[in-house]
Each structure stands twice: as structure tokens, then as C-alpha cells.
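Structure first, then comments.
The values are calculated or read from the model by the stated rules, or taken from the named source; none is laboratory data. Please read these numbers as outputs of a predicted model, since none were measured by experiment. Methodologically, a virtual Cβ is constructed for each residue, glycine included, from the backbone with ideal geometry; neighbour enumeration extends over all protein chains shown. Side chains included, ligands, DNA and RNA excluded: accessible areas come from the protein's heavy atoms. Shrake-Rupley method; radii C 1.70, N 1.55, O 1.52, S 1.80 Å.
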Amino acid sequence: MKLLSPLGWLYGLGATARNALYDRGLFRVHDLGTKTISIGNITAGGTGKTPLVAAVANILVANGETVCVLTRGYGRKDPSERILVSDGENVLADAVTGGDEPVELARTLSGKAAIVADRDRVAAAAWTREKFGITAFVLDDGFQHRRAGRDLDIVCIDATDPFGGGEVLPAGTLREPVQNLTRAGAIVITRANLAKSTDDLTAQIRKLNTSAPIFTATSKVCGVSKLVDFLNRTHTLEPVEDLQPIANGFLFCGLGNPESFRRQLVSENFQFAGVRTFPDHHAYTQSDMQSVQAEAKNIGATSLITTGKDAVKLTGIEFTMPCFVVTSAVEIVDGKAFAQLVTSI
């Protein structure tokens with residue numbers, strides 16, 4: 001037993017009690033008024049959820065829906081303020097006001113879906129439906145946000161670290177006891193390409209949830225762009241082999257699971273001289289980047305490498321060496337069946 005295990009037990013007990021109040025109708029679940037799909041986690045930290053949110057939104061758009069992604073927007077300056085990050089055509093906020101992941105989603109889904117950051121997703125849904133005529137909502141990180149009703153609960157489980165040590169926060173990274181996976185309507189095992197096998201994990205999940213379809217998904221680098229082009233939104237993704245300076249790059253990122261990102265790059269034959277990690281949702285300063293560049297140069301790196309989530313927080317930062325942004329996407333194994341599930345509700 002860990003020192004923090006008793007606190008984890010109490011946290012889990014509280015989560016279970018809260019769920020029971022929703023299950024018995026003592027806490028009200030609010031219908032958002034139209035098709036709603038939640039993408040969430042049972043653990044804290046990065047599970048590859050954001051690319052899946054974008055993938056589900058794209059499926060709904062292709063099916064003729066007018067889509068809005070509702071997100072809390074962790075790490076933004078004023079979490080109590082409602083921010084229209086994108087109106088479906090234009091990105092209207094920066095990472096400071098809208099949050100890094102909402103802005104990343106807004107850029108990815110530009111011209112396709114509206115993005116709203118609001119901790120009250122029920123009120124945000126009503127406002128967005130009236131303003132934009134939304135016909136489908138995607139709840140970003142919605143598994144524990146039970147106040148907002150949903151037609152389908154999709155839960156992401158990271159193949160490289162499925163249950164965060166098996167204990168609830170703060171002893172482990174589970175947000176609630178793993179038995180609560182029974183609520184999930186579908187489960188996606190993410191980063192399957194980084195695990196030797198997902199057979200044992202699939203069997204374990206099936207014992208916890210006997211009916212939900214289980215999909216596997218891989219993470220894949222789509223291409224690379226120069227930071228200046230990325231920020232100016234003039235970039236086109238170029239194959240990695242066309243950007244030789246990245247071969248001796250220095251990787252920096254602030255992610256929930258930076259090790260998975262590093263392993264993904266290694267699996268796709270990226271070569272880099274070193275790695276520097278920051279806390280998830282870290283707000284970069286000029287001092288941070290001076291330190292990163294000094295470390296990179298000290299070990300002989302000739303360029304910097306980062307993610308789209310990090311890149312949206314680098315506006316106004318000055319660089320003395322080239323910086324490249326790696327763009328990744330999720331690929332669902334049996335994508336046709338997954339799309340059919342998403343569109344059939």
C-alpha cells in the first residue's frame with residue numbers, strides 16, 4: 001500500500017457516491033437537446049483523447065451534422081468565462097484565453113466545427129445551439145461530467161499505461177474506480193501501436209464491461225511544419241524525410257504523457273539529441289525557451305521539435321534556432337465500424 005492509498009480510497013468512495021446519486025436520479029442529468037457524444041478518460045493525464053475528439057467531430061461533419069465541441073479548457077486564464085474559441089470558420093481565441101487543447105482543436109477543425117470553452121457545458125450547449133444551429137455536440141473530457149447528458153460515452157484507455165498503477169488519485173492516476181468502466185458505451189484503446197500486444201488489456205476491459213464495443217487506435221505522425229508557418233497558419237504538412245534538420249533535433253513538450261509522445265517518434269524513426277519535458281498545460285515564457293535552446297545547443301542539437309498543443313502557446317517567443325511542429329492523428333482499427341457507431345445514435 002502506498003502512503004497516499006487511503007486518500008485514493010476516499011477519493012474513489014466519493015466518486016462512486018456521486019455516480020450513485022446520478023444513477024438514482026437524485027442529481028439531474030440535463031439533456032443537451034440534440035445528439036451528444038462524450039469522449040473521456042478514466043485516468044488523469046494524456047491518453048490520446050484530443051485527436052479522437054477531432055476524429056469523432058470529423059465523422060459527424062462528414063455525416064451532415066453541424067458540430068460543436070464543448071470543452072472545459074484546462075489551463076486557460078479565466079476558467080469561469082465562456083470563450084468562443086472557434087465559430088466553425090475562424091479561430092477566435094488564443095491559448096491564454098481559450099486553453100491550449102481547445103485552440104489546437106479549433107485549428108484542426110477549422111472550417112468544420114465550433115469550439116466553446118466553458119466549465120458549464122449545459123449552459124454552453126443551449127447558447128451554442130441557439131447561436132449556430134448545432135445538431136451534434138462532442139463533449140471533450142466528459143466521462144466524469146455527468147451533469148451533461150450524452151447518447152454515447154466513449155472512453156479512451158492508453159495501451160502504454162491503462163490504469164495508472166491501479167489506484168485512484170492521488171495515489172494513482174485513476175479518476176474513479178476502474179469498475180466504473182461499466183458506464184462506457186464504447187472503449188477505444190489508444191496508442192495500440194506502442195504496446196507489444198493489447199490482447200490482455202482487451203480481456204481485462206471485457207471483464208469490467210461485458211457489452212461495450214472495444215476498438216483499438218494507433219497514433220501516427222501526419223507530417224512536420226516549421227513553427228513560424230504553423231503559427232501564421234500558412235503551413236502545409238511536409239513528409240518527415242523532406243526536413244533533414246529535424247534529424248538532430250531537441251524535443252520539448254508539456255503533455256499529460258510525454259513518454260508516449262517520445263516513444264511514438266522513436267517508433268517512426270525520428271532521431272533527436274535530447275528531451276525536455278514540462279508540466280501538462282505549461283504556459284511557456286521566453287525564459288523557458290532560452291533555457292531549452294541553451295540545453296539543446298549544449299548537446300549539439302541543431303533544431304527544436306514540439307507538438308501542436310505546445311506550439312499554440314509559443315506566439316511571441318523568440319527563437320535562435322529552427323523549431324518544428326509535429327502533427328499527429330489517430331487511426332481507428334476498423335474505422336468503418338467506429339464511424340457507423342458514431343453516426344447511428
> Right, E65: in contact (Cβ under 8 Å) with a residue 60 or more places away in the chain, out of contact with any Gly (no Cβ under 7 Å at 6 or more places or on another chain) and of a type in the set (D, E) or not?
Replying inline: yes
> Within segment 111-126, can you find the residues that are within 17 Å of the chain's Cα centre (by Cα) and surrounded by fewer than 19 Cβ atoms within 10 Å (Cβ to Cβ)?
Replying inline: R119
> Within segment 284-315, which residues are open to solvent by 70 Å² or more (accessible area, probe 1.4 Å) and either among the small types (G, A, S) or under 11 Å from C253 (Cα atoms) (or both)?
Replying inline: S287
>> Against the condition touching a helix residue (DSSP H, G or I) at 6+ places or on another chain (Cβ under 7 Å) and over 29 Å from V67 (Cα atoms), how does T320 come out, does it pass?
In response: yes
> Can you name every residue in segment 264-283 that is open to solvent by 60 Å² or more (accessible area, probe 1.4 Å) and either among the aromatic types (F, W, Y) or modelled with pLDDT under 90 (or both)?
Replying inline: V266, S267, N269, Q271
> Does K131 qualify as being surrounded by 17 or more Cβ atoms within 10 Å (Cβ to Cβ), free of Cβ contacts under 8 Å to residues at least 60 places away in the same chain and either among the charged types (D, E, K, R) or over 21 Å from V56 (Cα atoms) (or both)?
Replying inline: no
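State all residues of segment 92-105 that are in contact (Cβ under 8 Å) with a residue 24 or more places away in the chain, outside any loop (DSSP other than H, G, I, E, B) and open to solvent by less than 60 Å² (accessible area, probe 1.4 Å); if no residue qualifies, say none. Steps first, answer last, please.
To start, the set of residues in segment 92-105 that are in contact (Cβ under 8 Å) with a residue 24 or more places away in the chain comprises 93-96, 98-105.
Those left that are additionally outside any loop (DSSP other than H, G, I, E, B): 95-96, 98, 100-105.
Residues satisfying the conditions are A95, G98, D100, E101, P102, V103, E104, L105.
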>> Only one of T108, T50 is crowded, with 24+ Cβ neighbours inside 10 Å and either within 16 Å of D310 (Cβ to Cβ) or touching a Gly at 6+ places or on another chain (Cβ under 7 Å) (or both). Can you tell me which?
In response: T50
>> Condition first: of a type outside the set (V, I, T), loosely packed, with under 15 Cβ neighbours inside 10 Å, at pLDDT 90 or above and part of a loop (DSSP other than H, G, I, E, B). Now tell me which residues in segment 206-260 satisfy that.
In response: S211
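In segment 12-34, which residues are in a loop (DSSP other than H, G, I, E, B), over 13 Å from A125 (Cα atoms) and aliphatic (A, V, I, L, M)? Before the answer, list the steps.
Restricting attention to segment 12-34, the residues satisfying the condition of being in a loop (DSSP other than H, G, I, E, B) are 24-29, 31-34.
Within this subset, residues satisfying the condition of being over 13 Å from A125 (Cα atoms) are 24-29.
Listed by number, the residues that qualify are L26, V29.
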> Looking at segment 48-101, which of the residues that are within 12 Å of the chain's Cα centre (by Cα) and among the polar types (S, T, N, Q) is modelled with the highest pLDDT?
Replying inline: T71
